[in-house]
Amino acid sequence: MTDHPIGLTALRLDPEAFRQAVLSKLIYQVGKDPEHATRHDWFFALALAVRDRLVDGWMATTRDVYDRDRKRVYYLSLEFLIGRLLADSLRNLGIYEVAGEALSSLGVDAEELLKVEPDAALGNGGLGRLAACLMDSMATLGISAHGYGIRYEHGLFKQGLDDGWQVERPEDWLAFGNPWEFERAESVYPIRLYGQIREERDAAGRRVRVWEGGQRVLAVAYDTPVVGWGGRHVNTLRLWSAQSGNLIDLEAFNRGDYTRAVQEQTLSQSISRVLYPNDATEAGQELRLKQEYFFSSASLQDILRRHLSYHPDLRSLPEKVAIQLNDTHPAIAVPELMRLLVDEHGMEWDDAWGITRGTINYTNHTLMPEALERWPVQLMERLLPRQMQLILEINTHVLTELRQRPGLEDPFLSDISLIDESNGRFVRMGHLAFLGAHKVNGVSALHGELMKQTVFRPLHRLFPDRITAITNGVTPRRWLLDSNPDLAGLISDTLGDQRWITDLERLKELEPHLADPAFRTRFAAIKQANKERLVTFIGKRQDTLLPADALFDVHIKRIHEYKRQLLNILEAVAIYADILDGAAVDRVPRVKIFSGKAAPSYVRAKLIIKFINDVATVVNAEAKVGDRLKILFIPNYNVSLAQILIPGADLSEQISTAGLEASGTGNMKFGLNGALTIGTLDGANIEMLEHVGPENIFIFGLTAAEVALSRQQGFSPKAAIEASPRLTRAFELIEAGHFSPDDPGRFRPLLEDLSSFDHFRVTADFDAYAAAQREVEATYADPAAWWPKAALNTARMGWFSSDRTIQDYAREVWQVPLGNRAELAR
């Protein structure tokens, strides 16, 4: 286990003491003799030994929070893409080297052992990884925080490829157990679904509503400690598992109806089985809404229970609690908190509304109206009848207040209403989250402004102080120290200490060293070593040999049309055609790597995956191409794969249609690891441009304003195609079935869409993208030009730390103090 000294004093362990701790866990908890233990046995023993060290800090943190009555932050997210926890915990605790020495003395290869741990299947992409980064930073900065989500048994899905087509297989990350979690059998909350509402009068004569009947599900808590850098502060990730209140129907079992006997249990447990059930069907929509309500209600019940255990009533909730909704998935928390306050705790409606709006905050992650969740009123009335009543009450309350304002232009306020009646009746969950929140956050400067102009324009006009913009960030502990320890070592050696790990802005101090030939040589050598590691990994995983000296061009994102993997692969087809036509003799060798999952019901995205793989098959087999162009799609993208791909990348693809990517965090991870960005003026790319300078990033294409204008004035994709000889040539090859000889018309739907409508402006940006790629190649061909730019990107990524993001949230949204600033400065 090689690493650079971290110099922390949080834990003083010698290798022999830790060796004994691991042995003890192996024998007494795993139940194995060292001579017969498997790698999995050793992993479990090591993880349990590390977990013991986490628990001391965890309990000390909890006592400190209660003793000082500190305000708590609760982060509700349907996803937490936490990745592997062992290496991260070892480094944050300061015992990475100690563990390596202890395992070596036991004859165990520590590096191989770390690979045994599966990635927790709790997320899909950027949304869930952001949640994980923010949890790391909250712990590092000493903010008392809980993350709340669902303990999915099978997560999203394990992506495979069958003849180039995506296939979805069950994810089995819990097959061998999870050494990090603690089941909390005492933390169980009832969740009611369906049923009916009965009105009655209480002792004071007030009209109250009682929700009864229906299905009763139990939410059972599983806690995972989240340790900050240095082990000084440990927060909690609490995940809910769904169980039935009735384990088995004995009457049905005894009469031989075994399926019916466990039917209620099966229906309840289905809520926490799979992330993002296919919502193309009514049953899938219903299950998705059940999931969102299930974890939101359980979390709110837990929050209120914890608050009342230390405070006399709930009126102080906004002073002591800040709830952050990560996207619209937990937006149902707004009426649910109202239900708990009014129905369960007897509070007056107006008081409850003031507390709800003072406690809840909402982070928006999309500018696409179709991506803002809407639930059919009929479904909401059937599944959550009391919440639907409260949504209507909130709607009436808000609209009544607004109609009293002078000079109101639209007395019907149809754009503000929580109920969209333009095509059926739907509950607008984005509007619900906005109206129920104290602050609404955009995740980049551009995103915050565009929220005001697009999806929330009517709401912003009436509530102009509600929208903020706090740009996302990434944790340097995971995405530099853990993913790229050699580069972290170069930074520490150059700066003379490791304070940059919790103060990433110190990377700016690298800039005077960028002209030093020794620094640049070492920087380039580290990148080359990471590329060779990636080549070895791909060779073992996919039996493909890649040229390690080529330009590594990496596009890793959820597969979606607006992220424009299609633009990337079309330009690859044009490069291929150039080579066939003899027009690219001196072109820089390039390896194009794609990875990402498509939603099971997203037919077009799955066709794009097939297209990438079919193009790869033809290009990689063409003798004329040789090593000048290689294309690869790596299935089952996850955090662990990203930690190999990102350090080995030369070029980062951030090419979404301008105005559609809220922020992005992959761009920050790549830049931190010394990759240059090719991208549009979208999301956080704009702020990256400001930080690294226009000469150190490859920006191309339409701006968000130009995209919007093209939608207003009309756009002719056919004219764009005809004006681009290289794009025309690429279309001809695809149309002729060159990449799909078994089915020449397979990709015709892609071509027809691009030729007739092209909503995401692929054809409009193609030539600009191609020109930027030629600029990339020219720069890469000149090492004296490339390496200073790559190193400068690393040096100027400090502002994109999730520590800075959390500091902004703490100051502007949550109003909570930072607990570890003095300790971190030392």
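Laid out as a table, the results:
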| quantity | calculated |
| --- | --- |
| Relative contact order (%) - criterion: Cα under 8 Å, at least six apart; region: region 409-457 | 20 percent |
| Gain upon complete extension [Ala781, Glu622; 0.36 nm per residue less C-alpha separation] | 54.9 nm |
| Total charge dipole magnitude, region 8-137, about the Cα centre, Cβ charges on Lys, Arg, Asp, Glu only, Debye to nearest 20 | 540 debye |
| Sites matching chymotrypsin sites (Phe, Trp or Tyr not before Pro) across region 447-527 that sit in DSSP coil, with at most 13 neighbouring C-beta atoms within 10 Å | none |
| Cα-based convex hull, the chain, per residue volume (Å³, whole number) | 185 Å³ |
| Rg over Rh, two decimals, region 582-692 (C-alpha only, Kirkwood Rh) | 0.99 |
| Heavy-atom accessible area per residue - the chain, 1.4 Å, Å² | 38 Å² |
| Overall form of region 475-544 per C-alpha gyration tensor (a/c, 1.5; a/b vs b/c) | oblate |
| Estimated FRET transfer efficiency when R0 is 25 angstrom, pair Gln404-Arg207 (beta carbons, to 0.05) | 0.50 |
| Charge tally in the Cβ shell below 13 Å around Glu199, where Lys, Arg are +1 and Asp, Glu are -1, Glu199 excluded | +2 |
| Rough spin-label spacing in nm, given labels placed 7 Å along Cα→Cβ, for Ser414 and Ala60 | 6.2 nm |
| Candidates per GluC sites (Glu not before Pro) in region 521-579, loop by DSSP, up to 12 other Cβ within 10 Å | none |
| Carbon + sulfur, % of accessible area of region 106-232 - ligands and nucleic acids excluded, 1.4 Å | 47 percent |
| Karplus (6.51, -1.76, 1.60) ³J(HN,Hα), θ = phi - 60°, over region 421-426, in Hz, Gly and Pro reported as x | 10, 6, 8, x, 10, 9 |
| Computed [θ] at 222 nm, deg cm²/dmol, the chain (DSSP H ≥ 4; -39,500 (n - 2.57); rounded to nearest 500) | -13500 deg cm²/dmol |
| Per-selection Kirkwood Rh - region 323-441 (Cα, Å, 1 d.p.) | 14.7 Å |
| Approximate shape of region 307-350 as ellipsoid semi-axes (Cα gyration tensor, √5λ), whole Å, largest first | 20, 15, 8 |
| Calculated SAXS-style log₁₀ I(q)/I(0) at q = 0.11, 0.18, 0.21 Å⁻¹ - region 518-626, Debye, Cα scatterers | -0.43, -1.03, -1.23 |
| With all protein chains modelled, accessible area of Lys439 [1.4 Å, Å²] | 40 Å² |
| Anisotropy class of region 354-415 from Cα gyration tensor, a/c 1.5 cut | rounded |
| Accessible-area composition of region 329-368, carbon plus sulfur, in percent [1.4 Å probe] | 37 percent |
| Amide H partners (placed H, <5 Å) of Ile699, local residues excluded | Gly679 |
| Stretchable slack from Phe176 to Asp14, in nm (0.36 nm times residue separation minus alpha-carbon distance) | 55.3 nm |
| Long-range HN-HN contacts of Ile467 with modeled amide H, under 5 Å | Val440 |
| Hz values of 3J(HN,Hα) by residue in region 486-491 - Karplus curve (6.51, -1.76, 1.60), Gly and Pro given as x | 5, 5, 4, x, 4, 5 |
| Over the chain, relative contact order from alpha-carbon pairs under 8 Å, at least 6 apart, % | 13 percent |
| Anisotropy class of region 768-817 from Cα gyration tensor, a/c 1.5 cut | oblate |
| Karplus-derived 3J(HN,Hα), 6.51/-1.76/1.60, for each residue of region 40-54, Hz, glycine and proline x | 5, 4, 5, 4, 4, 5, 5, 4, 5, 5, 5, 4, 4, 5, 5 |
| Solvent exposure, largest accessible area first (probe 1.4 Å, DNA, RNA and ligands not counted), of Thr521, Thr400 | Thr521, Thr400 |
| Summed residue charge, Cβ within 13 Å of Pro376's Cβ, Lys/Arg positive, Asp/Glu negative | -2 |
| Long-range HN-HN contacts of Asn124 with modeled amide H, under 5 Å | none |
| Contact order normalised by residue count of region 364-510, Cα under 8 Å, 6+ apart, percent | 21 percent |
| Extension reserve of the Leu106-Glu35 stretch, reckoned as 0.36 nm per residue once the Cα distance is removed | 24.5 nm |
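The values are calculated or read from the model by the stated rules, or taken from the named source; none is laboratory data. Not measured: the values here are computed from a predicted model. No Cβ is skipped: glycine too gets one built from the backbone with ideal geometry, and neighbour counts run over all protein chains shown. All accessible areas refer to the heavy atoms of the entire protein, side chains included, with ligands and DNA or RNA removed. Shrake-Rupley method; radii C 1.70, N 1.55, O 1.52, S 1.80 Å.
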